[in-house]
Amino acid sequence: MTLILALDFGGTKLAAATVEAGSREWLHYENRLSPTNADALSDIEIMRSLIDSVLDRRKPDAIGVSFGGPVDAATGLVRLSHHVPGWENIPLKQLLEEEYNAPVGVDNDANVAAVGEHRFGAGQGYDSLFYITISTGVGGGWILNGKPWQGAGGMAGEIGHIVVDPTGPVCLCGKRGCVERLASGPYIAQNARELLEKETHNSPTSTRGEILKYLVGNDLNLITGQIVSVAAANGDELAKEVLYKAAWALGVGIGNVANLMNPQRFVLGGGVTKAGDSFWAIVRKVAQETALPEVNFEVVRALLGDDAPLWGAVALGLDVVR
């Protein structure tokens, strides 16, 4: 049987798994958190030990790799990681091919997750889809005419840096009012914190944000995107406002992309998509309002969850198998 080794170099987590071609069950699966002071060498060392464990002395027929950062998919060269230092211009495909004597396919995590959802998840049977992950950042990956499309320099799909509010807050990238600045998990938390501080300062008797404050025991540093979602679901007006703005930004981004490229489906994954039904309702409504009435598309949940990049890596491995 053809043995595929799937690897996921995430920003915070490293995972490795093996699967036999045609199966939808992992033979072996291991993951480990990347240490806080990680660099490329320590990540590669950890991944090596995960690989040894999941291979169980077998030799892989092909290797697929999802990497959390810009990658030149044609050469398998990692340009950099936004989370871990030392990954600048690392020839990851070449390193793995030499070490494991098997063909290797490498791409960035959003593109690979798009491939995973297309081959094994919510995109099965569709020729064109745009996969969006909304978690630590907001990224995207294209499937066009049934194949991944990375753009001229591998940078296609950066929906996180579409500007939806030119007068909005400054994003990590330096621009104002990007989708990512309004809709990613850490920024949702930051926006809620800042709004709470302003609210407390301007009107000390206001009850807006009470549920949110209760959930973190009044320690605003403990606010996360997930906690904002829980507070909103429990009726907290301030949390609902922050979440509305996040869903609105995402909806505007999706509507603009729908007008520009007209894919059949938008498949949404990542932690923020667990924010509840009202979040989804706003995203869908704003996306439809932003797009032309003649532009038809669906906005659906990803089916593979956190495993989308690993299953995409399986698909990459299957595509390069000799």
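Observations
- FRET efficiency for Asp127 and Met155, using Cβ-Cβ distance with R0 set to 30 Å, rounded to 0.05: 0.85
- Descending semi-axes in Å of the chain, equivalent ellipsoid built from Cα gyration tensor: 36, 23, 17
- Using R0 = 22 Å, the C-beta based FRET efficiency linking Thr200 and Tyr244 works out to 0.60.
- At the residue level, Asp109 shows approximately 60 square angstrom of accessible surface with a 1.4 angstrom probe and all protein chains present.
- Long-range Cα-Cα pairs in the range 11-100 (distance over 15 Å), rounded percent: 61
- Both radii were evaluated on the Cα set of the range 181-322; the Rg over Rh quotient, with Rh as the Kirkwood radius, amounts to 1.08.
- Principal axis box of the range 198-263, alpha-carbon based, largest edge first, Å: 47, 23, 20
- For the peptides 116-125, 161-170, the ranking by mean Cβ contacts within 10 Å, running from highest to lowest, is 116-125, 161-170.
- Surface accessible to a 1.4 Å probe, Arg193 within the full protein complex, Å²: 60
- The chain, accessible area per residue, ligands and nucleic acids excluded (1.4 Å, Å²): 46
- Measuring between alpha carbons in the structure, the pairs from Lys13/Lys245; Lys13/Lys59; Lys175/Lys198; Lys198/Lys285; Lys240/Lys285 lying more than 26 angstrom apart are Lys13/Lys245; Lys198/Lys285.
- Its relative contact order, with pairs defined as Cα atoms under 8 Å and 6+ residues apart, puts the chain at 20 percent.
- In the range 7-100, Cα pairs under 8 Å separated by at least six residues give a relative contact order of 26 percent.
- Rounded FRET efficiency, nearest 0.05, which uses the C-beta distance separating Ala281 from Thr75 and R0 of 35 Å: 0.25
- The range 237-304: relative contact order in percent, alpha carbon pairs under 8 Å with at least 6 residues between: 48
- Rolling a 1.4 Å probe over the protein chains gives Ser42 an accessible area of about 40 Å².
- Inter-probe distance in nm under a simple model that places probes 7 Å from Cα toward Cβ, at Asp219 and Thr36: 1.4
- Kyte-Doolittle mean at least 0.0 and Cα axial length at least 27 Å: DSSP H helices in the chain: 237-261
- Prolate/oblate/rounded label for the range 1-160 (Cα gyration tensor, a/c 1.5): oblate
- With every protein chain in place, the chain: carbon and sulfur % of accessible area (1.4 Å): 52
- For Arg176, the residues whose modelled amide H falls within less than 5 Å of its own, excluding neighbours fewer than 5 places apart on the same chain, are Cys171.
- Residues in the range 136-151 reached by a label modelled at Met261 [backbone nitrogen below 16 Å; 7 Å Cα→Cβ]: 138-151
- GNM on the chain, alpha-carbon springs under 10 angstrom: the most fluctuating residue among Glu99, Glu30, Glu199 is Glu99.
- Modelled spin-label separation between Gln226 and Lys59, with each label point placed 7 Å from Cα along the Cα-to-Cβ direction: 4.2 nm.
- Hull volume per residue, based on the alpha-carbon atoms of the range 136-258 and their convex hull, is 120 Å³.
The values are calculated or read from the model by the stated rules, or taken from the named source; none is laboratory data. None of these values were measured; they are calculated from a predicted model. Glycine gets a Cβ as well: all are built from the backbone with ideal geometry, and neighbour counts include every protein chain shown. The area values use the complete protein model at the heavy-atom level, side chains included, leaving out ligands, DNA and RNA. Shrake-Rupley method; radii C 1.70, N 1.55, O 1.52, S 1.80 Å.
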